[in-house]
Each structure stands twice: as C-alpha cells, then as structure tokens.
Amino acid sequence: MNLKYSKCLGLAAVLYFTANYSAQQRVSDTASKEKVIEEVVVIGYGTQKKSNVTGAIASIKASDIENIPAGKPEQVLQGRAAGVSVVTNSGQPGAPATIRVRGITSFGAGSNSPLWVVDGIVVDNIGWLNQSDIESIEVLKDGASSAIYGVSAAKGVILVTTKKGKKGRLNLSYNGFYGFGNASKKLDLLNASQYATVINQGLVNDGGTPRFSNPESLGKGTDWQDAIFGTGEKSSHEISINGGNEKSTYYASFGYFDQTGIVLPEMSYYKRLNARLNSTHKVTDYLTIGQTLAYTHTKSQGISPNEEFGGPLSSAINLDPTTPIVVTDINSQPFPSDYSNQYIVRDANGNPYGISHYVNQEMTNPLAFQEIQRGRYSWTDDFIGNVFVEVKPTKHLNFKSSLNGKKSYWGSQAFTPLYYLSPNYSNVNFNNLNRVNENKFEWSMENTLNYQNKFGDHNLNILVGQGVYRYNISSGESLTYSNLPVNNYQDASFNFGISQDNITATGWDGVETRKVSYFGRLIYDYKDKYLLTGTIRRDGSSKFATNNHWGTFPSISLGWNINKENFWPENKIINTVKLRGGYGVLGNDEMDNFKFANFMVSGSNYTNSGNNIIIGYAPSTLENPTLKWEETSQLNIAADIRFLSNFTFTADLYEKKTTGILRQVNIPGYVGVPNRPWANVGDMTNKGIELELGYKKNWNDFGISINGNFAAVKNEVTRLENDIEFQNLYGFQSMGSVTRIAVGQPYGVFFGHSYEGVFQNQEQINSYTNSNGNMLLPNAKPGDFIWKDINGDGVINEDDVEYLGSSIPKFNYGLTVNLNYKNVDFMVFAQGQGGNKIFQGLRRLDMLDANYQTKILDSWNGEGSTNENPRLTRNDPNHNYSWMSNYYLQKGDYLRIKLIQVGYTIPKDVTEKFGMGKVRLYITGENLFTFTKYTGYDPEIAGRNNSDSDSIGIDRAYYPQARTFLFGANIQF
C-alpha cells in the first residue's frame, strides 16, 4: 500500500485521550507482575481473548459509556473508536447518527451504514435500545473480522451485546437525568434597517430606484431566529433488575426518554419507552435455553432538519426582518390586502400572523406554520427478540440454535386545516385527516456447531454454521378523510360520516427478500504465540438472477505475539508486542428486489376510438441478467504494543477496494422506460491509518487511564461505467449540481468555478482578455468576480469548472479525560474532524429579497474596498451568486468540547443507612464549546439522513445541536 498521510500524522498529537482516574483501586509498583485478568471481546458467533485477536476490532465496554447521557445509544461511539466516523444527522430530537466504518464504501446500493447485530439479531439501527442495557459494543472494522457476516459486512459490522443476569441476590439500579438546552450559536443576519439598505443598494447598482425611503426608521425589526429558538428539555429514567441462581438468571429493564427540541419546541419532540427481559436457564448439565425480548415505543414530531425549501429554520433565515411576527393593526401595514383571506392563521388573541410581501414561495411565518402543524405525529412499535437452545454433548463440542425475529409497526397521523400563510402557501379548498399504518416482520434461524480443544501447546476452535433469513415481509395502508366539518386537530376524527367522494384509501404489500448462508471459521494458536484465523461464508440472495444467486466471501488473518518468543528479553520498557495482518472479501446487496428484471407496470394508459380510457402496461426498465454482488476486499496490517507497563499503542494500516458498485445508470429519454436500470457501474478505494494510544496508572486515591485515537482516510473513485469521467450528483436550487462522482477524486467531491479576486475598475475588465484580445468577461462590471478560464479555451462559461474540495473529512479524532479523586469524578470528552469542505446554501438564490447574513455588508462598494466579496446585484449578469464556486465553500474543520461532567459518589456508610448501595450524583454540560471557522450553525453536517451519502457536507439550514446542561443520578440498591 502506498499510504501518504504526512499531513494527518502531523496531527497525531491531537490524539483522543481517555483519562480514567480510579480512586477506588490501589496499584503497587509490582502491579505489572501480578496476574492480569484476560480481556475478552465479542467476535461473530463467539468470543475470543483480546490478546489473540488477529483482526481489527474496537471494543467499548459498559463501563466506558455508562456515565454518558446520550439520547441515542449509537452516539456513544463518537470519538471512541479509531476509524469509526459518527456524525449526528441534526440536533432534532430523535435524529439518528450517520456512522461510517473506514470511509465511504459504496456510492450505489443502499446506505453506507454498517451492519448492526444485537444479541445475534440483525437490525436496521439501535435507536430503539436502552443505553443502560448495553454490556459491550464491538466494531469489526477489517475484512478478516467481518467476513463471517459475508454479503452484509462490506460497510463494517457493529456487534451489540446486552446485559444478562448474574447469579446472586436481586440487584436494582436506577439511572436518570434531567436537563435543558439552547442554541449555542445564531447566524449574524441583517436587521430591518440593514436589510432595507442592502436591498436599496442592489436595486441602485442595477440601475433601479430604492425601495425603502428611510431604512434607518425601520430599526432592528423582527429577529426571526429569536422567534423560533427556544429552550429544549431532555430527561431519561432507566430502571433495571438482575439476579439468579445456579440454574437461572434474569435481567429486566424499563426506560423512558423524553426530549423537546430547541427549534419551535412545541412541534419538535421525541418520546421513547423501552422494556427488556433477558433470561438464561440451565436445564441440565448439557442443555441450556434462553431468550432476549425487547419492546420499544416512540412518538415524535419534527421539522425538516436540513432543507432549503421551506420549514421553520429555513424560513427564519430567509424571511425579511421588516415583516412583523404578529399584526395588531392590519391597516398600519404597507400591504393590508395581504391579510384579506378568511383562512389567515391567527394567534391566541385573534391577531393575524405577519405575512411577508417580499419573501414568498415555501417561506412562511414559522409561528403561523407551527399552528397548522399541531396534532401531527409519527409513531413506532418494535418487538425484537430471540430464543436459543445450546446443547453441549461433550466437553469440547457445543451446538447452538437460535430463532430471531423483529416485528415492527409504524405510522403517522396528520390533520391539515384550511389555512392561508401566503399567496404561494395556502390550503383554502378543503381540510383533510390522514392516517398511515405500516408493519414489517423479519425473522432468521441460525445453527452453529463449535468444537474447541487444546492439544498440548496447540489451541483449536472450529465453527460451522448455517442460516436462513427472511426480510421485508411487510404491508401498509393509508386512509384520508377530506372536507371534514371541523377545522382543528382536536375535533378531527374518522368517526365523521362523510361521502365516499371525500374518502381516499390505498394499500400496498412489500416484496420479501430471502437469503441462505453457510459459514465456517478456524481459529488456531500455538502457545498463544502464533495466531491464525480463517473464515469463509457463502450467501445466496433472491435479489439477483439465477446465475448470480450465490457469492463466496473468504478471509484469513495471522498474528504473532513476539514477546512470547524465547529470544525476547524481559524488560520494563517494551512489555508485549503483537503483529497482525489480514485479508478478507466482503459483499453488499443493498438494493430492492428483482432489479435485474424488467417488469410490466400499469400507467401507460391510452384512449380507444370511443374515447374510453384503457389501462396500458409497459416495461418498467431495462433488464440486466448479469447484475451481481458488490465486492469489497480489504487488507489490514497492524501492531499492538504495551510498554512501560502502563502504556498501550495500536496502529492499523488498511486498504479497502470496492468493485462492481451497484447503482442506477443514466439512459436516454427516448428509450421509453420510466425507471433507470441497475448495473455494476464503478470501483472505489479507501486507504487509511488508525492510531490508538493509552496510559493507565493508579496511585492510592488517585489514578489515571489515558487512551487516544486518531484516524485518517483517503477516498478515491477509481472507475465509472463505460469509462466516463464523472457523474453529477446533488443539485442545489437553480445552481445545478455542486457535487459529483469523478474518477481520481473522493466521492461527492465539490466542483465549480473559481474566482481570482474582484474587478476594481473598468480598465481591469477591459484588459482581462484571451490570446485573441477578446474580453473574457464582457458582461462584467467593477465589483464582479474575476472568473478563471480553467480549461484555457479563451471563453469563460459553464465548462470552466474544477474540483474544489472534498465533502468527506480526511481525519477525525477525539479526546476524553476522566479524573477521580476519592468520591469526586470529573470527565471531559472532545472530538473533531478536518480536511473537508462545507457548502453553505442557507440563502434561497431564487428569492431576490431573501435576507442575508451580515457578510453582505462587506460587499464591494468602490475601488479598493474588497477583493473577496462581489458587489450587490439582483440581475447578476456575471453570475457572481448564481454559479457554484469556491465563494460558497468553507473549511469544515472543528474541535468540539462534547461533554464535561462532574460527579460525586456519596460515601457508602451514608447510603447504607437508607438501604442503598452506590449513589452517584452528577452535572453534565453537552456541546459547550465548538472551535471552528465555519460560519453556519454547526460544522457537524451529514446528509439529509443516514442513508444519504450524495449530499454530505451541504448545509441547507442544518438543525443545530443544543448546548445542554444536565443533572443526573446513578443509584444501586
């Protein structure tokens, strides 16, 4: 591998550190000579001593996350595992995180999210989990450790193990917190007088007349950000019990989480209810049975979290500050006719909400918008569990059979009243009440046979297994009642008797996916010195044609504990050294069923000679019987070192190649099919380095453990179908595409025009010519951008674009410090990333009167005034604002103090008087400080959701994460 990371390695000093000072433990100077309990990590279908692991596995234990008050359990991974990128999709309550393991793996089929496996059950995410139920999280990062999961493992595998009961007396625990948060930052937007001045200047620059006669008289006007931002609250309560005896153990828990957002808190909320029961029963010496069962209910409402086409946040950014929030005297408004509609939305006092005369389309008064959204909600009910039987006929042989299942129900309800928010945003014909119900059942059955034995100095572990999987057994229905005799959500009901003409009902069934798998693994070591792991999995999927049903995914990894060699000298400097390396091939089939086929679909209707409509059928797409799996091969080389007794260091180098990427291809419109066909269209590589550094030491009442990680990745698209050079991706408003897939570039690279300054005078414009003496920018005026002639053809037009930077961070890191002195503990956690660009698309370009950030006040206003910001113009003949360019890109680097926590554990002699064991109280601050040059709300920007990789790094009005203060308690009885 040719890995060049000099720039990133220079940042290795910013390593992520975890300092864990344990006041409860006392370690003498001879601690290194004492027997150490061997740490065990979870691997696919089993466990293994960490010292003998040959793959790249990051392990996070319950003790690492139990004091972190996260709303979503996946967020605890952020900054705690090298090579695992965790980006919160938005600050909206209940928003999931976008998780990437070792970069972007595919740009076609499905998301780039890893495979989640909870207690052996494959699930879409772990947002339904109660965080306190988690015993451990293992991230299988390389091909060798992930290959046991075959076709599903190309994007990484995350194994979650929930807590089980322990024999002994019943133990009762409570974890809870309450807190409140606010926006940590607001944009610097123009006030009313500034806005009027800027609008006037733009009109004058284009030869028009000023609109506002006296801008100063308007004062500050309306601060729309103050109108939508409020105080969000967050609370959590979790109770668990566990216990058992020699025969049976049990673990049960109950949790409730409630959060309101900081943007219009009344319509931005998330509530979650959890319950869990895990049990294990030893029926005989050779027969064990058990089960896990979890139930989760959620209810939520939210706004569009990263959307430029309407929504409260985008409206607050774009609405003019001259429009009032509420109008108390319609006749005093400059345009009283705007308030004449009978369905205008009013506040509790009967006053109409303000309507902007200048900024329309989807932009509306956010408080009026909130009124018509009341009563809307989405909900989910998930039942997830398994039952298993283990039979141990001999000392060395173990058979396990498990039946896993997930039954999900979800839906939404929404009442749309009659309303008038603006001439372009209204519903004045009829109201409606809509209800959607959907359900899905998925199940699997896996059988494994494991043989484990020791022959002298040889240790052998052989696993063979078989699995059957059924996904997407689903259906749904939607019911809409229109023209109800009421116009508020409290009274709206499906019990009203209305005519059949006002009832709309639809239904649908999903298409089941079927998979069959056979897998095996060999783990061998000699004297815990020479280590070998080999796996193979063969998967069959109903998603492909008969000739491509099956795929085979092998891996091998080797390890060498050098310190166990006789030639290794006993010393106090280098204590242990393990070298390891592995190679594995993984797969991906994340696309809908039967995309290789061409189905006849209805919709091509026509009329006969009698003008009767005949339902017509036509091909849906072009067939592709050669469609096959994506394959991802990965090579990993690493070293694990312990030195000076208390330090640990790990370094991993990897190269990951994805070939045959599945994606829809563009075809000419004259082909005549409505859907683009699927094909194996491209290849991509990720090369990276991961570093971890740790330190652990205890002194009487004071101790320390420090761990650090730093990861860098280089992503590159290496091939596209038909040898094309690029394919455009996300289009931003009227600007067109701003990112593309391009050979030789990182996925989703920004592209556009580049400016070399601002014309200061007409003479400079006249002298900017091509080789023939023709002016390159004949429409330019002083104050316009000097665009580069990138392709050198002597003409500046839409073809003069170049690559402007990557939306994918080149590196990420974190920092955690935990200090404990006697009964007081202190923790700081920080994380960050860098090397990426963010496209700031907060302003609507098609709305000439939309508000601006105060940066616009620095626009060119005369020779020598600025060489960075163009003049104000509405016609924009030089495309200063309408062309995608480096003007819209900013550095996305940031370092965030994610969490600071101070805790106090009440002395045991005090708590025992009240029948309690450990009682810990704490105060936490979240997202307290963010160090960045990005001028938007938040530099931590993913796509629209965790499945959206095409628009990473595009800020369309990102819902910011709240700065929150929490007060909590951990109590054990």
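Things to note:
- Gain in span if fully extended, LYS781 to ILE724, counting 0.36 nm per residue against the direct Cα distance: 16.8 nm
- A Cα-only calculation for the chain places Rg and Dmax at 30.8, 99 Å.
- Lysines whose Cα lies under 27 Å from that of LYS515, excluding same-chain neighbours fewer than 8 positions away: LYS141, LYS155, LYS400, LYS406, LYS407, LYS440, LYS543, LYS595, LYS628, LYS656, LYS657
- Karplus-derived 3J(HN,Hα), 6.51/-1.76/1.60, for each residue of the range 364-377, Hz, glycine and proline x: 9, 4, x, 6, 5, 4, 4, 5, 7, 9, 4, x, 7, 6
- Residue-count net charge about SER300 - beta-carbon cut-off 11 Å; Lys, Arg +1, Asp, Glu -1: +3
- Modelled this way, with points 7 Å down the Cα-to-C-beta line, the labels at SER426 and ILE574 are 8.0 nm from one another.
- Take every DSSP beta bridge whose two residues both sit in the chain; close to 95 percent of them are antiparallel.
- Exposure proxy shown here: for ASP258, ASP825, the number of other Cβ atoms within 10 Å sets the order, fewest to most, as ASP258, ASP825.
- Beta bridges by DSSP in the range 40-162, antiparallel share as percent, to the nearest 5: 85
- The label-point distance for GLU763 and LEU293, in a model that sets each label 7 Å from Cα toward Cβ, rounds to 8.7 nm.
- Its convex hull of Cα atoms gives the range 722-810 a direction-averaged projected area, equal to a quarter of the hull surface, of 7.6 nm².
- ASP858, ASP893, ASP525 arranged by Cβ crowding within 10 Å, fewest neighbours leading: ASP858, ASP893, ASP525
- Rounded to whole Hz, the Karplus (6.51, -1.76, 1.60) HN-Hα couplings of the range 258-274, x for glycine and proline: 9, 9, 10, x, 9, 9, 6, x, 6, 10, 9, 8, 8, 10, 9, 10, 10
- Within straight-line reach of LYS234, meaning a Cα separation under 17 Å, sit the following aspartates and glutamates at least 8 residues removed in sequence or on another chain: ASP258, GLU266, GLU926.
- Across the range 193-203, coupling constants 3J(HN,Hα) worked out from phi with the 6.51/-1.76/1.60 Karplus curve, θ = phi - 60°, read 5, 5, 4, 4, 5, 5, 4, 4, 5, x, 5 Hz, and Gly and Pro carry x.
- Pairs of Lys residues in the range 765-890 that lie 8 or more places apart, or on two chains, and have C-alpha atoms under 21 angstrom apart add up to 4.
- Charge tally around THR718: other residues with Cβ under 13 Å, Lys/Arg +1 each, Asp/Glu -1 each, net -1.
- Charge tally for LYS395 (other residues, Cβ to Cβ under 13 Å; Lys, Arg +1; Asp, Glu -1): +1.
- Label point at SER401 placed 7 Å out along Cα→Cβ; residues across the range 449-467 whose backbone nitrogen lies under 14 Å: 449, 466-467
- Taking 0.36 nm per residue of sequence separation and removing the Cα-Cα distance, the TRP550/VAL795 pair yields an extension gain of 82.9 nm.
- Relative contact order (%) - the range 40-162, alpha-carbon pairs under 8 angstrom, separation at least six: 31
- Of the residues GLU477, GLU138, GLU623, the one with the fewest other Cβ atoms within 10 Å heads the list, and the complete ranking is GLU477, GLU623, GLU138.
- Extension gain, THR231 to TYR343: 0.36 nm times the residue separation minus the Cα-Cα distance gives 37.3 nm.
- For LYS395, the lysines whose Cα comes closer than 16 Å to its Cα, not counting residues fewer than 8 places off in the same chain, are LYS282, LYS454.
Laboratory data are not the source of any read-out in this text; all were calculated from the coordinates shown. Predicted model only: the values in this text are computed from it and were never measured. With ideal geometry, Cβ positions are generated from the backbone for all residues, glycine too; neighbour counts draw on all protein chains shown.
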